[in-house]
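Comments concern the structure below.
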Amino acid sequence: MTCASVMTPDPEVAAPDWTVERTVELLLERRYRSIPVADSDRRLIGVFSIHRLLALSLPMLASEDPESVDRLRWLSDDLEDLRAKLHRHWNRPVSEVMETDVVTVEPDTPLVRAVIALYHTHYNLPVVQADGGRIVGIISYWDVVPRILR
Amino acid sequence: MPAIVPRPPTDCNAERNAASLAASAVTSLLLLAAQHAPADPGAPFGIQPMLLAGVVFAACYALIIGEWFNRANVALLAGGLMVLTGILTQEEAVAGIDFNTLGLLIGMMLIVSVTRESGVFQFLAVWAAKRAKARPWGILALLMLVTAVLSAFLDNVTTVLLIVPVTLVVTDELHVEPYPFLFGEILASNIGGTATLIGDPPNILIGSQVDYVHFSDFLVHLAPIAAVVLGLTMLPIWLLWGRRMTASPEARARVMAFDEKEAIRDVRLLKKSCFVLALVLAGFLFGHPMGLEPATVALSGAALLLVLNNLGKSLEEKNDVVHEHYGHVEWTTIFFFVGLFVVVAGVEHTGMLELFAHWILDVSGGDFHAISVAVLWTSALASAVVDNIPFVATMIPILHEVVDGLGLSPADAMPLWWSLSLGACLGGNGSLIGASANLIVAGQAERSGHPIRFLTFLRHAFPMMLLSIALANVYLWLRYLL
Amino acid sequence: MISFLLQHGVPAGVADAPSQVMFGLDAMLVAGVLFAACYLMIIGEWFNRANVALIAGGLMILTGVLNQHQAIAGIDFNTLGLLIGMMLIVSVTRESGVFQYLAIWSAKRARAKPWGILVLLGMVTAVLSAMLDNVTTVLLIVPVTLVITDELEVPPYPFLFAEILFSNIGGTATLIGDPPNILIGSQVEYIHFADFILHLAPIVPVILAATLLPIWLLWGRKMSATPEAMERVMAFDEKEAIRDVTLLKKSLFVLALVLVGFLFGHPLGLEPATVAMTGAALLLVLNNLGKDLEKKNDAVHHFYGHVEWTTIFFFVGLFVVVAGVEQAGLLDLIAEKVLHFSGGDVTTIATAVLWVSSVASAIVDNIPFVATMIPVLHKVVEDLGLSQGDALGMWWALALGACLGGNGSLIGASANLIVAGYAERAGHRIKFLTFLKHAFPMMILSIVIAHAYLWLRYLG
């Protein structure tokens, strides 16, 4: 089974000059876990995810240290403080804050590799063409989990 | 899909008994040391340095055998005590550390860590498994054979570093216990390493410190018996584990369905790795006359491969990649060696090891046959307990004296050196701390969640070591001493 | 360098050096070319510096300038053992959370007033740098600093700037504070831990105070934060930062033992590497108490993995390269030139060493520079027939120049780059030229103070 057979084709993408605000609003409206960022030719240049959104609303110390749940107990921030931090990034272009080191698969990649990649990443997996890097689809948990269970 | 292997139940009483046995052996050595030690009024706290060094040594080994603490910590603390109590100065302690061994280890670990990124070892695993039609015993025998042959030409540590990760992949896929495989490979690596000058550190030491023993001599005199010993070692392994090994047809079919060519992830890295590995092998094989020692060859090769692997990346990526590969080195094993070298330098410095060797010589009464046999068995037993490198380094000047004293010609003296080599190399199979390769396998097994217990290994390996030494004794007797 | 070699050739009196190596080439020429190429590659930053140094070291052996035995003899294992031991101790200690505690404590102690926080965090950085390595110190302090400046909504640049400067100045005070001092302390037999405290620590507070003044003029007097923001910082609970009180006690116990070992160990024959490595092993054992063997092994493996191995092997390669040029007689030649141009005057040489090493350290990594200078200065001391007491001024000039010079630019010291890297990832990029404009004059100021101190105490 290949990635092409399970992917959602022609996914919605964000443009690199979209603001963080606009991108986040789209994520919330559609309840997406992440959205690919692509140029006008739909060539993939990055991914913006809920994971990045949380990172932007936390001090960097919290997002970089894997043990910070335990280590940052002294922090007194409440949700209002987190919102204030996120809003400081509100007008930046999404291309400045997206993930650029993105794992991708191609349409004819065996599905097991997409499962391995989903296990390791925080975003839905972009499916790109081998030549040109155009995004042709996207694979989420819900595209593969029912097929593993069945 | 990691196999869930139940850990063998540990018999605490047996462990305690064996530990106290080992302790009592060391205690009798200490008594011997106390009897022969010259009085030294300048010793720390008025204690004889030999006794003090012996106590630190004994405590260190008891703690390593007992496995109560991480062994690198134990060895480093014992080494620190050797300096703290004034037995050694820091300079003497550093001089006791064999940096050729350490550099070789670190360099090869780095090379292997880069090379594995190419996927070539996964390729080997799949290829070997399919070649044996995915039958567990077939794979074990095949991997033992490959290990022995590679050990003869690479050093044992490198060989097991290449084979063990492969083995763990295969046993994981087949859902079989990895211990018999690792056990067989440890034994095969030490047996194979006996066959050549570059196969095992004792042979490197003998080859470079005895003028009349050359590369071809090792092949002519030691390779034949190594082949026989390997064949006879497979028999008990088959009886203990091999005949009962099974894998489900589904597991075997899954393994047979693997496409080994898909395992190669990066053909260019593979080519770079093969190029550097070939350079390093050529350096090991032909570098000695040019004054190139293994540590230089291995570390330079590692740096070269890291540079080649980094071509075309940004500086930040380069630094990250280099940092990552250095992080893959088994540093706890390296620092266990560092501590152990210092501890052995301490007891060596006080004359305790020399005393032990002289005692063996006295008992044999100057009879060449008796000395050869004594050297064989003494080195075998000693190498099973302590690292064979410092032991052999101490034995070589003593045996040089013996050869001079007996007025032997180089040709007549040969069997003595073969006794030392066979005893020290094969003796390394006697316990988990008997040889570098054993520790490396144990370290890797530990990291992958299959720790090898000291006493479990001892129970299986020590009798097989005795068998191999008996064979070597017969061989020496038939060929040289008759 | 090459034309210099061709003109001068092998000096007489280098008896044990091979005059010819592989392909019949002149040993000094080969060693000099390898040395120059190695430096160029390190400065150019095209490759990872550990790789460059190791390959250059390997080539020294391959070409026959050194054999492996001589190469190993050239490696200073005291420096390596000290570095590895301290890195292990710090990496265990930080798990206790004590460093975050210190940073938050000092912020609250300053009643969350920005300038007070800057001064106190700077002081904490300087004191910690004197006892830990600088990179570790800034890695511990900078993340907390950014949390605080974020809360206060003040620009973080002055804070980071001060912490960079203070880490390098603080590191000057002790043998273990900065790599140049570690090198000097372990390769000059008559300089011990206590000597650094007696001779370098007194000038450090003066330089710290003199550095604070321009920072206050530039930024400090204009800093302000809203009362609400300051309240948010005061609401931080520093006691919550301590994750493991038992580990904290164990760490402090071992750190105290190790410091005592450094201070008083020398007469007992205890060198810094033995003290640091034994201390590290002891702390690892204490930290492991009560765990099962597998967890113990995992923890030890984890902490060894945190050691900066690329730095350690950069040192290894560099020591071999320096041993090569030393063996080939090149460093003797440079020492002769130094003596020739200075006319053998100690004051002139010490002054030149101070200023040259500070400017050099602002541009290139100070580790290779100091590693090369030490054998050169040994030769100079020997040729001048100086007593150990008279030679001290020269070594302090090297230490002060190399450590303080690191403040001259963003690439002057590893800690600077680490701070810049972290700040950039947090969205507060530090520009090379902005930093240069502020830091270089302050570095010159500190060297002028050091110069006056040396002149008054040793050279006048």
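Structure notes:
- DSSP-loop trypsin sites (Lys or Arg not before Pro) across the stretch C:104-151, with at most 16 other Cβ within 10 angstrom: C:R111
- What you get for chain C, charging only the Cβ of Lys and Arg (+1) and of Asp and Glu (-1), is a dipole of about 1220 debye around the Cα centre.
- Along the axis of the charge dipole computed for the protein assembly as shown (Cβ charges of +1 for Lys and Arg, -1 for Asp and Glu, origin at the Cα centre), the listed residues A:H87, B:V55, C:V90 are led at the positive end by A:H87.
- Hull shadow area, averaged, the protein assembly as shown [alpha-carbon convex hull, nm²]: 46.7
- Shielding by partners, peptide B:444-452 (average Cβ within 10 angstrom, other chains): 1
- Links that overshoot a 21 Å alpha carbon limit, given the list B:K261/B:K313; C:K108/C:K249; B:K130/B:K261: B:K261/B:K313; C:K108/C:K249
- Counting beta carbons within 10 Å around each of B:M108, B:M290 and listing the fewest first gives the order B:M290, B:M108.
- Cα-based equivalent ellipsoid of chain B: semi-axis lengths in Å, sorted from largest, via gyration tensor: 37, 25, 24
- Over all directions, the projected convex hull of the C-alpha atoms in the stretch C:232-324 averages 10.2 nm² in area.
- Between the Cα long axis of helix B:315-328 and the first principal axis of chain B there is an angle of about 60°, rounded to the nearest 10.
- Compactness index (Cα Rg / 2.2 N^0.38 Å), the stretch B:100-327: 1.08
- Per residue of peptide C:99-105, the mean number of Cβ atoms on other chains within 10 Å of the residue Cβ is 1.
- Across the stretch B:246-351, the fraction of Cα-Cα pairs farther apart than 16 Å, rounded to a whole number, is 75%.
- Each part reduced to its alpha carbon centroid, the stretch B:329-347 and the stretch C:171-248 end up 35 Å apart.
- Least to most buried among A:R71, A:R134 (fewest other Cβ within 10 Å first): A:R134, A:R71
- Over the C-alpha trace of chain C, radius of gyration and Dmax come out as 22.9, 76 angstrom.
- Dipole of the stretch C:75-218, positive end: most advanced residue of C:I203, C:V188, C:G122 [Cβ charges, Cα centre]: C:G122
- Once the mean of 1/r is taken over each pair of separate Cα atoms and inverted, the stretch C:264-422 shows a Kirkwood hydrodynamic radius of 18.6 Å.
- Taking a straight Cα-Cα cut-off under 16 Å and skipping sequence neighbours fewer than 8 places away in the same chain, the aspartates and glutamates within cross-link reach of B:K272 are B:E117.
- Taking B:F258, B:F275, B:F337, B:F218 and counting other C-beta atoms within 10 Å, the order from fewest to most: B:F275, B:F258, B:F337, B:F218
- Helical content of the protein assembly as shown, expressed as a calculated mean residue ellipticity at 222 nm, amounts to -22500 deg cm²/dmol (DSSP H runs of 4 or more residues, -39,500 (n - 2.57) each, divided by residue number, nearest 500).
- Euclidean distance of C-alpha centroids, the stretch A:83-142 and the stretch B:74-121, integer Å: 43
- Approximating the spin labels as points 7 Å out from Cα along Cα→Cβ, the C:A256-to-C:L417 distance works out to 3.8 nm.
- Of all lysines in the structure, the ones whose alpha carbon falls short of 27 Å from that of C:K437, not counting any fewer than 8 places away in one chain, are C:K113, C:K222.
- Along its principal axes, the stretch C:346-460 has C-alpha extents of 55, 26, 16 angstrom, given from the largest down.
- Relative to the dominant Cα principal axis of chain B, helix B:436-447 is inclined by about 50°.
- Positive-end extreme of charge dipole, the protein assembly as shown - chosen from C:L433, B:G193, B:M108 (charges on Cβ): C:L433
- DSSP beta bridges fully contained in the protein assembly as shown are about 90 percent antiparallel.
- For the pair the stretch C:67-109 and the stretch B:433-482, the centres of their Cα atoms are 38 angstrom apart.
- Averaged over peptide B:100-113, the number of partner chain Cβ atoms lying within 10 Å of each residue's Cβ comes to 1.
- Efficiency of FRET from Cβ geometry, A:H120 and C:L40, R₀ 41 Å, rounded to 0.05: 0.55
- Expressed in Å, the radius of gyration and Dmax of the Cα atoms of the stretch A:3-149 are 16.4, 50.
- Computed from the Cβ-Cβ distance with R0 of 45 Å, the FRET efficiency linking A:D10 to A:E67 stands at 0.65.
Computed from the coordinates by the stated procedures, all read-outs in this text should not be read as laboratory data. Keep in mind it's a predicted model, so treat the numbers as computed, not measured. Glycine also receives a Cβ, built like all others from the backbone with ideal geometry; neighbour counts cover every protein chain displayed.
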